[in-house]
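K.L.:
Before I ask anything, let me first share the structure, which is written out below as C-alpha cells.
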C-alpha cells in the first residue's frame, strides 16, 4: 500500500507559503492572455486574436475569403500553424505576436524562448500592444533575454499607452517596485494608475491592487484592504482573486478563519476552470477539510485538473487509484498512468511512489533498477526535504541494498545502458553510508560516471565533494568545483546555478564577476529555489552586480523566507525591524526572527530577544501566533524546531 500524503504536505505542494500571500507578479504570466488569471489554450488564444480582428484574418494574408483559424474542436493543426508562420513571415504583427506566444508556451511547437522573443520583438516594433506587453514580461523575468526591469517597464508603458490593461497593471507595479519609499513620485504614480484602472472595473487591476495591500508595496500593509480588492475582482469572476480569498479564509490571514467559506470560494474558482482551485477542492474532499470526506468528489475535481495537465492533481489522483478506498475502486492501470505523468513532470511524491511500487512489486513486477531510477529522479530534483524523505524511506526498507555487491547488482542493468541515475544511486549509497561504509572518494568516482553522462545532480554533488574534500579530489585528479557547478548550472539545475553564482561573487577559482553571479542567482530564483532567492535578495540589498534596490531585495528575501529558509528569515526580520525596503513592523520582524531562531539560527535568537524588550506583550503574542500558523505548512519546520519555537515563545511571557 502506498503511503498517504499528510494534509499539511498537500497544502505545501498546492499553496506553498500560504499564510502570507507573496506579492504576485500576476501580469508576468505568459500563459494568462485574457487577464483573468486562467491559463489559456492555443485555441483560446486564436479565439482572442480573431475577436480583436473582428472575426477575420483575411487581411493578414493579403486579402481573399475569410476563414476560421481553428477546426471544429478548436485545436491547433499543422495547417493552421503553417498559416500563422506564413502570415508572420510576411510581416503581419498579430500573427507574429501569436507565433511568439506559441513558442513561449510550447503550444503546437517545441518551446523556444529565443524564437518567442524574436517574434514578440518584430510585432512590438510594429506597435502591437500585446506583443509589447509579453516582451516586457520576458525582460522582467529574464526569459529568453537578460533580466532588465527598466526595459520591461519601457515596453509595459508603450503597451499601456495603447490601452492594454494587463500592461497598465504591469507598468503600475513596476513603478511601485522601483519607486522605493511609499512617498516617492514613482510609487504615487504607480498607485494612482492601479487605483484608477481598478475603479474602472478591471478585475486584473483589482487583483493586483489587493496584492499591493497584502504586501505593503507603496502603501501601508493591510490584509483587510487586500481582501476588499480581492473580493471586487472575485465578484467579477476573476479566478485568481477567488483563490486569494479562499487562501485568506482557510489560513485566517487578515480575516476570520472560515474553512467552510474557503471551500465555497475554491469551488467558485474551480467551476470557472481554475486548475489550482480544482486540485485544492479535490484535496479538501479527500481530506474532509471543511466538508465530509468524499473520494468520488475528490476524483471528480482531481480529474478536471489532471485533464488540464496539472501534475499535482495527477499525483493525488494516482495515489487514490492505487489505494482504492472510500468507494473509489482500485485501478492499477489508471494509477500508474497518473503517477508516471506526474513523476515525469517532476512531482517528487509520485517519483517516490513509483520507486516503492517497483521495489515492492505493487501494481508492477519487482524491478530494482527501475526503482533506483525513480529514486534517483526524486533526489535529482534538488529539493532537500524530498531527498531526506527518499533516503529515509529507503533505509527503512529491508529489501534495499545493504552491501556494495547488492547495490552493484541492482544497477548493473541500468549501467549497461549508460543510465546516469544508476551511477548516481551508487554514489549516493557511498556518500550517505546507507548500509555501506561511507566512502567519499568512491562516491566521487560514481558521481563522475553520472556527471559525464550529463546528470546535473551528480555534477553538483561532485562539485560539493571537490569543494569540501579538496585533498581527496586532487588525489583522484578531479577537476575544480567551478567546472562541475557550471556544467549543472548550464543545464538549468538551480543548486548548480547558486553554487556557481557564489563562486563568481567570491572570485573563487575564477575571475570575480558580480553581474554574472546575480544572473545565476536570478535563474535559480525564478525556479522558486529558496537559496537562489536569498542570494538574489542580498545582491539587491547591497548592490552587488545589480542596481541597489531594497524593495526588490525584500521581495526576494520574502520568497525565500516563506519557504522556511532560515538565513532569509533572519535578514528579512532585520529589514522589517529597521523599515529597510519594507514597512517597519516590529511584530513581523519578531515573527521572522523567531522562525529563524527555531531552526537554530543563533543571531536571530539574540536579535529577537533584544527586539522583544521594547514590544508590548500583545505584540509578542501576535508575532508568536503568526509563527505558529506558518510552521505546519513548511517542510523545513520539523517537530523538534516547532517545540523549540513554542519554548522560545513562552519565555517570560
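K.L.:
Using beta carbons and a limit of 8 Å, which pairs, at least six apart or on different chains, have the first residue in the stretch 331-343 and under 12 Å from residue 320 (Cα atoms) and the second one modelled with pLDDT under 95 and surrounded by fewer than 17 Cβ atoms within 10 Å (Cβ to Cβ)?
P.N.:
Hits for this filter: 331/324; 336/364.
K.L.:
Considering each of 63, 74, 54, 127 in turn, give the residue that is assigned by TED's automatic domain parsing to the domain that holds residue 160, part of a loop (DSSP other than H, G, I, E, B), farther than 30 Å from residue 525 by Cβ and at pLDDT 85 or above. Working first, answer last.
P.N.:
On the way: 63 fails: at pLDDT 85 or above; 74 fails: at pLDDT 85 or above; 54 fails: at pLDDT 85 or above.
Sole residue among the options that is assigned by TED's automatic domain parsing to the domain that holds residue 160, part of a loop (DSSP other than H, G, I, E, B), farther than 30 Å from residue 525 by Cβ and at pLDDT 85 or above: 127.
K.L.:
So which residues in the stretch 468-492 are touching a helix residue (DSSP H, G or I) at 6+ places or on another chain (Cβ under 8 Å), surrounded by fewer than 17 Cβ atoms within 10 Å (Cβ to Cβ) and modelled with pLDDT under 75?
P.N.:
Scanning the stretch 468-492 gives 472, 475, 476, 479.
K.L.:
Looking only at the stretch 160-206, which residues are crowded, with 20+ Cβ neighbours inside 10 Å, outside any helix (DSSP H, G or I) and modelled with pLDDT of 85 or more?
P.N.:
Listed by number, the residues that qualify are 164, 202.
K.L.:
Moving to a separate point now. So, in the stretch 260-278, how many residues would count as being surrounded by fewer than 16 Cβ atoms within 10 Å (Cβ to Cβ) and in contact (Cβ under 8 Å) with a residue 24 or more places away in the chain?
P.N.:
2
Quick grid of which residues meet (1) outside any loop (DSSP other than H, G, I, E, B); (2) out of contact with any strand residue (DSSP E or B) (no Cβ under 6 Å at 6 or more places or on another chain); (3) at pLDDT below 90:
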{"site": "241", "(1), (2), (3)": "yes, yes, no"}
{"site": "255", "(1), (2), (3)": "no, yes, yes"}
{"site": "262", "(1), (2), (3)": "yes, yes, no"}
{"site": "265", "(1), (2), (3)": "yes, yes, no"}
{"site": "273", "(1), (2), (3)": "no, yes, no"}
{"site": "277", "(1), (2), (3)": "yes, yes, no"}
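K.L.:
Suppose we keep only residues that are part of a loop (DSSP other than H, G, I, E, B) and in contact (Cβ under 8 Å) with a residue 12 or more places away in the chain within the stretch 130-151. Which one would you say is surrounded by the fewest Cβ atoms within 10 Å (Cβ to Cβ)?
P.N.:
First, pick out the residues of the stretch 130-151 that are part of a loop (DSSP other than H, G, I, E, B): 142-148.
Retained after the next criterion (residues that are in contact (Cβ under 8 Å) with a residue 12 or more places away in the chain): 142-147.
Numbers: 142: 18, 143: 17, 144: 20, 145: 18, 146: 10, 147: 20.
Among those that are part of a loop (DSSP other than H, G, I, E, B) and in contact (Cβ under 8 Å) with a residue 12 or more places away in the chain, it is 146.
K.L.:
Among (1) in contact with a helix residue (DSSP H, G or I) (Cβ under 8 Å, 6 or more places away or on another chain); (2) at pLDDT below 75, where does residue 396 come up short?
P.N.:
Condition (1) is where residue 396 drops out.
K.L.:
Right, another one. Which residues, taken from the stretch 495-512, are more than 27 Å from the chain's Cα centre (by Cα) and at negative phi?
P.N.:
Answer for the stretch 495-512, where residues must be more than 27 Å from the chain's Cα centre (by Cα) and at negative phi: 506, 508, 510, 511, 512.
K.L.:
What about residue 303, is it under 25 Å from the mean Cα position of the chain (by Cα), over 27 Å from residue 173 (Cα atoms) and not in a helix (DSSP H, G or I)?
P.N.:
no
K.L.:
Right, next: When you go through (1) at pLDDT 90 or above; (2) outside any helix (DSSP H, G or I); (3) surrounded by 16 or more Cβ atoms within 10 Å (Cβ to Cβ) one by one for residue 291, which number turns out not to apply?
P.N.:
(1)
K.L.:
Going through 342, 407 one at a time, which residue ends up being over 32 Å from the mean Cα position of the chain (by Cα) and at pLDDT 50 or above?
P.N.:
Of 342, 407, the one residue that is over 32 Å from the mean Cα position of the chain (by Cα) and at pLDDT 50 or above is 407.
K.L.:
Kindly check whether there is at least one residue in the stretch 211-229 that is crowded, with 24+ Cβ neighbours inside 10 Å, at positive phi and not assigned by TED's automatic domain parsing to the domain that holds residue 130.
P.N.:
Yes, some residue in the stretch 211-229 is crowded, with 24+ Cβ neighbours inside 10 Å, at positive phi and not assigned by TED's automatic domain parsing to the domain that holds residue 130.
The values are calculated or read from the model by the stated rules, or taken from the named source; none is laboratory data. Everything numeric in this text was worked out from a predicted model, so none of it was measured. Neighbour counts are summed over all protein chains in view; Cβ atoms, including those assigned to glycine, are modelled from backbone coordinates with ideal geometry.
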